Each structure stands twice: as structure tokens, then as C-alpha cells.
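These notes are about the structure you will find just below.
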There are 2 protein chains.
Amino acid sequence: MKTLSSTISLLVVLAFYLPLFGQGRRPAAETVDLLILGGTIVTMDQGRNVIEDGAIAIKGGKILRIGKPSDMRGMRAKQTIKAAGKVIVPGLINTHTHVPMVLFRGISDDLDLQEWLTKYIFPAEAKNVDEAFVRAGTRLGLAEMIRGGTTTYCDMYYFEDAIADETKKAGVRGVLGETIIDFPVPDNKTWEAGLAYTERFINKWKNDPLIVPAVAPHAPYTVSQEHLLEARDLSNKTKAPLVIHLAEANTETEFIQQKHQGQRPIEFMEKIGFFNDRTIAAHVIQANDAELDLLKKHDVGIGHCPQSNMKLAAGTAPVPAMLKKGLRVGLGTDGAASNNDLNLWEEIDTAAKLHKLVSGDPKTLSAAEAFAMATIGGARALHMEELIGSIESGKRADLVIVDMDDLNQTPMFNLYSHLVYATKADDVRTVVINGRVVMLNRNLLTLDENAIKRVANAYRTKIINSLSK
Amino acid sequence: MKTLSSTISLLVVLAFYLPLFGQGRRPAAETVDLLILGGTIVTMDQGRNVIEDGAIAIKGGKILRIGKPSDMRGMRAKQTIKAAGKVIVPGLINTHTHVPMVLFRGISDDLDLQEWLTKYIFPAEAKNVDEAFVRAGTRLGLAEMIRGGTTTYCDMYYFEDAIADETKKAGVRGVLGETIIDFPVPDNKTWEAGLAYTERFINKWKNDPLIVPAVAPHAPYTVSQEHLLEARDLSNKTKAPLVIHLAEANTETEFIQQKHQGQRPIEFMEKIGFFNDRTIAAHVIQANDAELDLLKKHDVGIGHCPQSNMKLAAGTAPVPAMLKKGLRVGLGTDGAASNNDLNLWEEIDTAAKLHKLVSGDPKTLSAAEAFAMATIGGARALHMEELIGSIESGKRADLVIVDMDDLNQTPMFNLYSHLVYATKADDVRTVVINGRVVMLNRNLLTLDENAIKRVANAYRTKIINSLSK
């Protein structure tokens with residue numbers, strides 16, 4: 001009897017205190033900025049956890065808590081989005097593009113890289129690219145990226161300060177670097193001017209919650225050894241990422257080999273000490289096994305652009321070998337003048353299929369691996385995996401709600417298979433970046449789609465006229 | 001003065017008679033079924049004519065006249081569609097699929113062909129495929145194809161009579177053949193039963209305006225030599241097309257070489273006299289130059305399926321060489337269980353990029369050539385170029401109105417570039433097949449999308465349960 005009464009006392013005490021403990025863990029009156037209720041959460045965390053009928057609470061731009069709707073009981077939310085029947089994935093990460101070039105989309109195609117550049121792109125740029133052009137192109141590209149579920153992108157172009165300004169206004173996350181190169185470009189006429197611009201740019205944006213300013217020397221074949229090292233030094237001094245095109249074409253390999261005693265581009269860059277642990281290299285096609293080890297040694301991030309590489313017949317990056325070595329590999333669209341869109345879903349699909357074909361093994365690069373490249377892999381490639389790339393509490397709230405109900409997705413057996421092989425950009429419904437809803441049910445909230453198109457079409461006429469002169 | 005008065009008299013006479021001549025050429029009161037006014041017509045005719053601000057008059061399922069809106073003056077139309085600002089292209093042609101397999105979309109991926117077939121597809125088929133399944137899958141596939149602008153497809157599956165019935169009801173054009181094979185399948189348990197089924201099927205459908213019944217032996221490695229020749233004989237007797245998988249995998253080549261004194265599949269098939277001038281062969285990857293000449297000699301049509309071939313790591317069909325030899329080459333999606341959709345726009349885009357990569361030449365397979373493969377090339381592959389594949393008066397009215405105003409298509413410099421590299425399936429607005437509007441402003445008029453999804457999702461549950469037993 002004594003035992004029974006003790007037990008009852010204990011239960012009474014527990015019944016009294018437990019709710020208080022519960023409230024201690026989850027304050028009943030906690031106010032959050034955004035609550036997403038229902039839907040399947042594809043977290044892309046280390047364990048690749050998938051939460052059916054999940055819920056996400058967002059506060060101060062961060063993911064405060066993920067779990068089940070019942071875990072959010074008692075929370076007050078300034079905004080609630082119901083996602084039942086939909087899939088919630090980390091925002092997609094485009095690790096390599098030149099966003100304003102979307103205004104040159106399809107200006108010329110199906111040409112050798114050199115002919116394409118010298119006959120079409122360079123003249124078109126020389127005659128058209130100014131700050132207003134860059135702003136218009138950036139807005140167009142941002143709108144296309146948001147509508148396709150891209151929440152972070154890595155960019156190299158001119159007037160990058162205007163790109164940063166437009167990107168911040170649109171609420172998109174960007175790793176942005178002014179392209180600096182050894183010949184005059186639309187804004188900076190010398191290497192020195194470009195480098196000084198970059199340093200000012202970094203100082204201006206370095207504490208921004210959305211913009212990560214970068215140092216972006218164009219490529220080993222367009223920037224001298226001395227200037228490459230100056231770029232690296234600026235990156236080291238400012239702790240800004242170091243973004244570059246690397247090992248894209250065999251013409252690049254031949255050029256570097258001729259200039260630098262037979263060394264191949266990656267070999268050469270490592271020998272001169274270019275790489276730091278914030279390097280982000282686009283393409284990386286011309287890379288043998290020893291060179292991949294060099295990249296691994298310096299923890300270089302890689303932006304793999306399968307569709308651009310196919311269209312320009314540049315070759316295929318050794319992605320399965322890169323992943324096996326644990327390299328940081330993400331996906332990129334490259335500029336829309338060469339691709340011809342900013343659609344990351346197609347890059348995921350193409351990557352998964354391309355590496356099966358090239359390896360001759362249909363088990364290569366599974367759907368889950370390909371999807372990882374567009375999310376947490378992209379975050380790793382940008383050295384930002386502590387902040388973005390997966391849905392985990394404490395990370396920035398960059399996420400995308402995807403419809404899984406369209407005809408092209410019916411029926412659904414496997415989440416990753418559907419995300420990679422069946423989902424299209426227009427299945428994206430709602431996009432949240434840094435806790436802010438930038439698209440809701442396919443309506444852009446931070447950009448004016450009709451105005452963007454009107455301005456882009458005016459530039460179309462201007463570009464055509466400029467080239468016919 | 002005499003000259004002036006003569007001139008005036010002549011002008012008066014001309015002013016009187018000219019309108020009559022005009023009326024004589026174009027009867028003022030002619031009634032047509034459908035008039036499409038405005039828009040840019042990409043005809044894909046021999047001269048690849050493009051008509052800006054065009055017009056198309058349709059009567060009795062055929063294109064009666066194409067030209068300018070002013071050419072249609074005085075016509076009475078039962079229905080008028082305004083297409084200003086849009087692009088009108090021939091309906092896309094999917095030269096190879098297995099439409100009901102869309103119900104197995106993503107059931108398993110990233111596996112060896114044999115493992116995929118024997119562990120997943122064959123068991124799933126054995127436990128689920130009956131006539132009701134085939135009807136449900138066909139409706140789902142047709143809905144996806146129409147929404148993506150496909151107006152004709154070539155199919156091989158089981159219960160093909162039900163597929164034909166559903167296809168006709170949906171108003172879609174099909175070259176349809178019951179898969180006949182040397183082992184028991186869901187409907188026909190023997191080769192003989194399959195062949196007899198095919199003959200009944202051909203007799204039933206041979207005069208249909210939409211359905212072209214075909215003889216469809218599965219492949220050289222699954223049908224004996226004797227049976228292959230029986231299939232050919234039935235094709236010769238009935239004048240039905242002869243559809244087959246051919247030279248898809250290197251395992252097929254090895255199998256045929258072992259069985260038939262070292263002969264490769266195409267060599268073997270030509271030696272036994274299989275090919276007639278109505279043959280349609282899917283894949284054709286394992287084909288050397290001499291074998292392409294054999295296919296050319298027999299005027300064999302080819303269904304190139306780039307995405308399926310990539311995903312299964314089957315290899316790359318030598319398409320540039322095929323086109324150089326004047327072979328009939330179209331594009332196909334293959335079944336959605338292996339691809340995983342029925343989206344021909346992605347096949348066009350992938351084809352254009354893939355052959356650049358494989359050839360190492362970015363000038364290979366231009367956008368215009370790739371787009372031709374999906375239209376007039378597909379019609380040629382199906383031996384139907386007299387009827388479909390281009391917008392020309394006298395041809396069947398199979399055409400698609402495409403929006404060119406979405407963000408992903410802005411700005412637009414080159415029509416073919418945009419159609420190949422920038423247009424997505426959801427840019428298709430309106431679809432006309434055999435003069436009938438089957439989708440108007442993205443609303444399906446012959447199929448019930450919600451009912452289709454409901455039934456497909458019920459099959460999803462049934463399939464999962466059947467495989468877990």
C-alpha cells in the first residue's frame with residue numbers, strides 16, 4: 001500500500017510539473033515569423049531524413065524548429081503557409097552563372113566557343129552592357145531563378161555592385177564577384193581598376209545578410225600569373241571567396257601548357273599557390289586523378305555545368321570521381337547566353353543521366369546523389385554548408401515548396417526519383433529565402449514580372465539594332 | 001494624252017475586275033471548321049518557311065490554306081483561335097514509347113537494364129497489367145503528351161486495342177502495335193495468339209483517321225528468326241508498319257552475334273530479309289557505318305531516344321551520321337518508367353546538346369535540325385511525311401500553339417534556338433489534332449485531368465501493395 005500511495009503521489013507531482021517542463025521546452029506564446037504546416041520535408045541533412053506531414057518554424061531569417069505540426073502547438077505565427085500534399089526541399093543552389101547575360105539568351109548558338117565569343121558575345125557586350133543593362137538582366141534572371149526554386153546563386157559579371165543591389169532588393173542570396181580580367185571590360189578598363197573595384201565592393205557588402213562578395217579573376221588563360229596571385233591575396237586579406245573558371249576547355253589546357261612548361265591548368269594553379277580554402281572553380285573538366293587530389297587538398301569547391309559543357313562540346317567533368325574523393329561539387333547553369341536558361345531542375349536531370357552515359361553504368365550518380373549536388377552539395381561548393389543547403393534548425397531559412405501533383409509527376413513512387421527525373425521548374429509553388437517569402441503560389445512578391453519583360457523586350461530591339469550596325 | 005487616257009481606261013477595267021479575280025480564287029462564303037489568326041507559323045516545310053503574322057484555315061481535319069490573315073478574308077469559321085504573339089508549330093511526334101508504363105513512372109531507377117527489368121518491371125507488369133490498367137495508363141500518358149504538344153505517338157505495349165480505343169477517344173494520332181514476343185505477356189500467352197491478335201487489330205483499325213495499326217515484334221533478341229519473318233509477312237500482307245526495338249544494347253549485339261555466326265543485329269536482320277519499307281526501329285545505337293547504309297537501303301525509320309539511352313547507359317545513336325545519309329530520324333521518349341516522362345521538348349534539347357558533346361563539335365545538330373527531328377523528321381521516321389510533320393495545305397491539321405512570352409523565353413532572338421533550348425512543355429497553350437482542338441489555353445478538352453490523376457493514384461497504391469507481397 002505504501003508503494004501504491006508513493007506511486008500515486010509521484011504521478012500527481014508529475015501531472016502537475018510535466019506541462020511546465022513542456023512549456024519550458026516550448027514556450028506556449030512564442031511568436032515566429034513564418035510557419036509552414038504539412039507537406040513532406042526532404043531535409044537533405046546528414047542522415048537524409050524525410051519528415052512526412054512535417055512543419056517548419058522560421059524566425060529572424062533562420063529555421064527555428066522542424067518537426068511535426070504538433071511540435072509547433074502554441075506558437076503564434078505572423079504568417080502561415082499550408083503545404084499539405086506538397087514537398088518542401090532546401091532552396092536550389094546555382095553555383096555558376098553570369099546572370100545579366102540572360103538578355104543575350106539565344107543571340108547565337110551552335111558555334112565554336114571562340115567564334116561565339118568573338119563574333120557575337122564580345123561585340124554584343126561592348127555595344128550594350130552598361131549599368132542599366134546589368135540591372136535589367138539581373139532582374140530578369142532573378143525572376144527566372146526564383147520561379148525555378150533557386151535561392152542562392154554564384155555570379156561573375158560586370159557592374160557587380162548593381163547586381164548585388166538588385167539581388168538584395170529581390171531578396172535572393174548571392175555569392176557575387178566582379179569579373180576581373182587582363183583586358184578592358186564595360187566597367188573597369190584595367191586590371192588595377194577591377195581589383196580596386198573588387199576591394200571596395202567587398203568592403204561595402206561584407207556584412208550583408210544575403211550578399212557574399214567575392215574576388216572573381218576570370219580564368220587562368222585570361223589573367224596573368226602575377227594578377228592571379230593579387231586576386232588570391234585580396235581573397236586572403238578580406239576572407240572573401242575566390243571564384244574562377246578553371247579547366248573548362250582543352251584549348252585552355254594547351255595554352256597553359258605552352259606558356260608554363262607543359263603544366264596543365266590545375267597543376268599550374270596549385271604550383272603558383274593560387275588555391276585557398278575559399279576557392280570556387282567553375283567547370284573543372286580537364287582534370288585527371290592527380291589533379292582532383294590537388295583540388296581536394298585545398299578543399300576547392302566545384303561548379304559543375306553539365307548542359308553548358310554539352311552545348312559547347314567542352315567535355316564532361318569527372319563528377320563521379322570527384323564525389324568519390326569527397327570533393328565539394330555543386331551544379332550550375334552557366335550564363336543563359338550559352339545554355340539557354342537558368343533552370344536548375346534540368347541540370348539535375350541532365351547530370352544524373354549524363355554521368356550514367358559517360359561511365360557506361362546506369363547505377364552511377366543516383367537520383368539522391370544528383371539532388372544532393374543541387375542542394376547541400378551546392379552549399380559545400382560555395383563553402384556555405386554551415387548556413388544553407390539543408391533544412392535544419394539553426395540554418396538560414398532558404399526553402400522551396402514543390403507541387404507533386406502535376407500530370408508529369410503522377411503517380412509518385414520515390415521522392416528523389418521524382419525530384420530529379422520528373423519535376424519541372426514550374427512545379428515550384430512557393431519560395432522562401434532567408435525567411436522571406438519571395439514567391440507565393442507562383443506569384444513573385446519582390447519583382448514585377450511584367451515590367452521585367454517589357455524592359456527585356458526593349459533591350460532585345462536595342463541589341464538587334466546594335467549588331468546590325 | 002492618248003497614252004494617259006488609255007492608262008486610265010486600263011486602271012478602271014482593272015479596278016472593276018480585280019476584286020472578282022480575288023473572289024474567284026477565294027470564294028467569299030467558304031465555311032471552314034477552324035481559323036487560326038495571327039502568330040508566327042514555323043511551317044517546317046521543305047523551304048523551312050516561317051510566316052510572320054500568319055493564318056491557317058482548317059477544314060475536314062486538313063489544312064485548307066496557310067498564309068496571312070488577309071488571305072482568309074470572307075471565310076466563315078465555326079471556331080476562331082487568335083494566336084497573335086504566339087508561335088504555331090507542327091504537332092510534335094513521339095516516335096517511341098510504351099504509353100501505359102507511365103503508371104510505373106519512377107518505380108525504380110538507376111539500375112542495370114536486366115536488374116531493372118527482372119526485379120521491378122516484369123514483376124510489376126505481371127501483377128498489375130490488365131485492360132483497365134492499360135486504359136488508365138494510356139489516358140494519363142495521353143494527357144501528359146497533349147499538354148506537352150505531342151500530337152502523334154508510336155507505341156508498343158499490351159492490350160493495344162484498348163490503347164487504340166483510348167487514343168481515338170482523346171483525339172490523338174497513334175501508330176500503335178501490340179508487342180509480340182516469344183514469352184507469355186499479360187494478354188497473349190503465345191506468339192501465335194499475339195500474331196492473331198495483331199491481324200484482328202489491324203483489320204479493325206486500318207481505315208481509322210487517327211489510328212495506324214502496326215505489327216510490333218519486340219526485338220531481335222526476344223523473337224525467334226522464324227517469328228520475326230512471320231511478323232514481316234503480316235506487315236507485307238496488310239501494308240501495316242513494322243515496329244521493333246533494334247540495336248539498343250551491347251548485350252543484344254553479343255547475344256545475336258553468338259546465336260547467328262558473329263552477325264551484328266542490323267546485319268542479321270537485313271540478311272534474313274526482315275526490313276521492309278515501312279519499318280520503324282527504336283534506338284539504333286549499335287550501328288556502324290555499313291549498317292547505317294543497310295538501314296538506308298531499306299528506308300528504315302529510326303526512333304532516337306536520347307534521354308532513355310543516357311539513363312540506361314545504353315550509348316549514343318550515331319545521329320549526325322544518320323542524318324548525313326538522309327535516314328529517317330525522329331525523337332522518342334521511350335516509356336515513362338525509364339525516362340521518366342513523356343516530354344518531347346526535353347528530348348529535343350537533350351539531343352541537340354548530346355550530339356555536340358559526343359562529336360566534340362558544338363556545330364553538330366543545330367537547333368533547326370534538332371527541331372526538325374521532332375516534327376517532319378518524326379513524320380519521316382513513321383513513314384507519314386505525306387500526312388503530318390509540317391504545316392502545309394493538304395496535310396492533316398496537327399498543330400501546336402506555343403507561348404513565347406514566359407520569363408524563360410525572354411528575350412527572343414532566334415525561333416529555332418528558342419524552340420529547342422528555351423521552350424518548356426508548359427509553354428504549349430493550344431493543341432489541334434486532325435483539325436480538332438484537344439487542348440485550348442492549357443485546358444484539356446477530351447480528357448478529364450482530375451479523374452485521370454485520381455485513378456492513377458489508386459493504381460499507385462495497388463502497385464505498391466502488389467510488390468510488397
> What list of ³J(HN,Hα) values in whole Hz, one per residue of region B:110-115 in order, does the Karplus curve 6.51 cos²θ - 1.76 cosθ + 1.60 (θ = phi - 60°) give from phi, with Gly and Pro shown as x?
Replying inline: 6, 10, 4, 3, 5, 5
>> Given an 8 Å cut-off on Cα distances and at least 6 residues of separation, report the relative contact order of chain A as a percent.
In response: 20
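Restricting to DSSP H runs of at least four residues, report the calculated mean residue ellipticity at 222 nm for the protein assembly as shown, -39500 (n - 2.57) per run over all residues, nearest 500 deg cm²/dmol. Don't jump to the answer; show the numbers that get you there.
Details: 30 runs with 352 residues, N = 938.
Computed ellipticity for the protein assembly as shown at 222 nm equals -11500 deg cm²/dmol.
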>> Using the basic label-point model (7 angstrom from Cα toward the beta carbon), what is the A:Thr190 to A:Lys325 distance in nanometres?
In response: 3.9
> Smallest Cβ-to-axis distance in chain A, for the rotation taking A to B: which residue, how many Å?
Replying inline: A:Asp426, 2
>> Give me the extension gain from A:Ala290 to A:Asn236: residue separation times 0.36 nm, minus the current Cα-Cα distance, reported in nm with one decimal.
In response: 16.9 nm
>> If you average the alpha carbon positions of region B:443-469 and of region A:55-109, how far apart do those two centres end up, in angstrom?
In response: 29
>> Taking 0.36 nm per residue of sequence separation and subtracting the Cα-Cα distance, how much length would be gained by fully extending the chain between A:Arg454 and A:Ser393, in nm to one decimal?
In response: 17.9 nm
>> Calculate the FRET efficiency for A:Asn465 and B:Lys363 from the Cβ-Cβ distance with a Förster distance of 30 Å, rounded to the nearest 0.05.
In response: 0.65
> Can you give the average number of partner chain beta-carbon atoms within 10 Å of each beta-carbon in peptide A:202-211, as a whole number?
Replying inline: 0
>> So if I take the centroid of the Cα atoms in region B:140-207 and the same for region A:327-347, what is the distance between those two points in Å?
In response: 39
>> Amide H of A:Val212 versus every other amide H placed in the peptide plane: which residues, excluding those fewer than 5 positions away on the same chain, fall under 5 Å?
In response: A:Gly174, A:Val175, A:Leu176
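If you take each beta carbon of peptide A:361-371 and count the beta carbons of other chains within 10 angstrom, what is the mean?
On the way: counts 3, 13, 6, 2, 1, 3, 4, 2, 1, 1, 0.
Taking all residues of A:361-371 together, the mean is 3.
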> Using a simple spin-label model with points 7 Å from Cα along the Cα→Cβ vector, what separation in nm is obtained for A:Arg76 and B:Ser224?
Replying inline: 8.2
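Across the residues of A:304-312, average count of Cβ atoms on other protein chains within 10 Å? Show your work: numbers first, answer last.
On the way: counts 0, 0, 2, 5, 1, 3, 10, 8, 4.
The mean count of partner-chain Cβ atoms within 10 Å per residue comes to 4.
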>> Give me the extension gain from B:Glu254 to B:Lys68: residue separation times 0.36 nm, minus the current Cα-Cα distance, reported in nm with one decimal.
In response: 61.3 nm
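Have a look at the DSSP beta bridges in chain A and tell me what percent are antiparallel, nearest 5. Before the final figure, lay out the partial values.
On the way: 25 of 64 bridges.
DSSP beta bridges in chain A are roughly 40 percent antiparallel.
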> Non-local amide H neighbours of A:Asp33 (under 5 Å, H modeled in plane, Pro and chain starts lacking H): which ones?
Replying inline: A:Ile58, A:Lys59, A:Gly60, A:Lys78
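Read the figures in this text as sums done on the coordinates, not as results from a lab. Fair warning: this is a prediction, and the values are worked out from it, not measured in the lab. Please note: Cβ atoms are built from the backbone with ideal geometry, for glycine as well, and neighbour counts cover all protein chains shown.
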